[in-house]
Amino acid sequence: MKPRSLLRKCRQVLLVFLGISSFTISGISRSQEIIPLTVIDAYAPTALWVRVFMNYYMPEVDRRLETTGNYEIDWNAAFGGTVAKTGGVLEALQYGLADIGIITSPFHPDKVPFYNISYVTPLVTADIGLVARTVDELVARYPELRSEWDDYNQVFLTAAGAIDTYQVLMNEPISSLDDFQGKKICGVGLNLRYVQGLGSAAVSSNLGDFYNNIATGLTEGTVAWAESAVAYKLYEVAPYMIDIRLGAVTSKVITMNRRTYDGLPSEVREVLIETAIDYRDELARETDRRAESSRGEFVAQGGTIQPLTEEQRQIWALSLPNMAKEWAEALEERGLPGRQILRDYMDIMRANDQPIVRHWDREL
């Protein structure tokens, strides 16, 4: 072959190669569009719900998106208060400081009161999976509950919870319910009311401060649950678990900033929503797995579990104010069918044969 012909041939091969390379590179670029998402919670990965979010939700979203290869999430996990402090996640999402977050609903009874339904119905069930599914079912049944988030520039994904049942942890043993008289007990939001009928003084706080509250003498106890007692070493300062079994609650709501959500491709939206539902169920399963082992660990660390009789649980139940009625009436004032929602919730609990101590909807 003549040199000129050879040169022409080499140039043609090179152009073909460059064309293939360009096509391949652009194809890769299209199939791996990077979407940055900042996810927040004020709590650190010490908290079970944060740990499950990091270990299940985020990698599961990645795995599902990999099946099509169209998109990839560049996660910025800002947990432990780096973006929002305790009680500040809702506003951080509202004003676009983050894209997706885990909101603790008891901090916002004035803004999104529906999501505290399990808090105002204590002594009904310890089945956290059932409670979480029921809350989501009611959101689906009453669209106005989902639209509550519109005022805060957010999109509801799911409700979730990591509390199988609230207990009361004390720094000294309790021989009778009368011993609660005058005791200072810390808690969050509506669960503060669980001890007031017994004559205790409720002190508003948050999980991260419970240990120091008791250690410094600010309070003599706290409303908490077995897994948290182990994770936060509450057994060191409050080694007596009063086994009242106040019940499971969905204290978490996963939401997204509306602008972020609207800007996402439909495929990514669907994966984020579907995986959120599966996160809800995985968190419930992990809560159940850890609940019994945490009770054992509490005892192994020197703690004592003090069981209450059914009669004492009945007395405790009757000491509670009718929070459910107050809650339902407050929803009615906002134009929401609070009474019917409460009946629906309790009907679902009864249909699932839950050990209800007090039928809250029958006192409306």
Considering all alpha-carbon pairs of region 83-131, what whole percent are spaced by more than 15 angstrom? 53 percent
Quick shape check on the chain: root eigenvalues a ≥ b ≥ c of the Cα gyration tensor, a/c under 1.5 is rounded, otherwise prolate if a/b tops b/c, else oblate, and it reads prolate
Leading residue at positive end of dipole, region 146-259 (Cβ point charges), from I242, A202, A215: A202
At a threshold of 8 angstrom on Cα-Cα distance, excluding pairs fewer than six apart, so keeping six or more, what relative contact order does region 54-104 reach in percent? 21 percent
Peptides ranked, highest mean first, by Cβ atoms within 10 Å: ranges 305-312, 232-239, 66-73, 33-40: 232-239, 33-40, 66-73, 305-312
Given H placed on each backbone N at 1.01 Å, which residues far from G101 in sequence or on other chains put an amide H within less than 5 Å of it? I40, T255
The chain, dipole about Cα centre (Lys/Arg Cβ +1, Asp/Glu Cβ -1), debye to the nearest 20: 1740 debye
Using amide H atoms built 1.01 Å from N in the peptide plane, name the residues 5+ places from A201, or on other chains, whose amide H lies under 5 Å from its own. G182, K183, K184, I185
Hey, any idea what Rg/Rh is for region 257-345, computing Rh the Kirkwood way over Cα pairs? 1.16
Stokes-Einstein D (µm²/s) once Rh is taken as the Kirkwood radius of region 153-312 over alpha-carbon pairs, at 37 °C in 0.692 mPa s: 192 µm²/s
Förster radius 25 Å - calculated FRET efficiency between Q196 and D110 (Cβ-Cβ, nearest 0.05): 0.80
Relative contact order of the chain, pairs being alpha-carbon contacts under 8 Å that are 6 or more residues apart, as %: 21 percent
Over region 203-337, what is the mean sequence separation of C-alpha contacts under 8 Å (at least six apart), divided by residue count, expressed as relative contact order in percent? 34 percent
Most positive-pole-ward Cα, A44, Q32, T158, against dipole of the chain from beta carbon charges: Q32
From DSSP H assignment alone, runs of 4+ in the chain each adding -39500 (n - 2.57), the sum over residues rounded to the nearest 500 puts [θ] at 222 nm at -13000 deg cm²/dmol
If the only charges are +1 at each Lys and Arg Cβ and -1 at each Asp and Glu Cβ, what is the size of the charge dipole of region 68-210 around the Cα centre, to the nearest 20 debye? 320 debye
Flagged links, alpha-carbon separation over 26 Å, of K183/K233; K85/K325; K111/K184; K85/K183: K85/K325; K111/K184; K85/K183
Under a Cβ-Cβ cut-off of 12 Å, what is the net charge of the residues other than P36 that fall near it, where Lys and Arg count +1 and Asp and Glu count -1? -4
Rounded to the nearest 20 debye, what is the charge dipole size of region 104-155 about its Cα centre when +1 sits on each Lys and Arg Cβ and -1 on each Asp and Glu Cβ? 120 debye
Can you put I102, I185 in order, fewest other beta carbons within 10 Å first? I102, I185
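FYI, it's all coordinate maths here, none of it is from the lab. This structure is a prediction, so every number in the text was calculated from the model and none was measured. For neighbour counting, all protein chains shown are included, and Cβ atoms are generated from backbone atoms with ideal geometry for every residue, glycine included.
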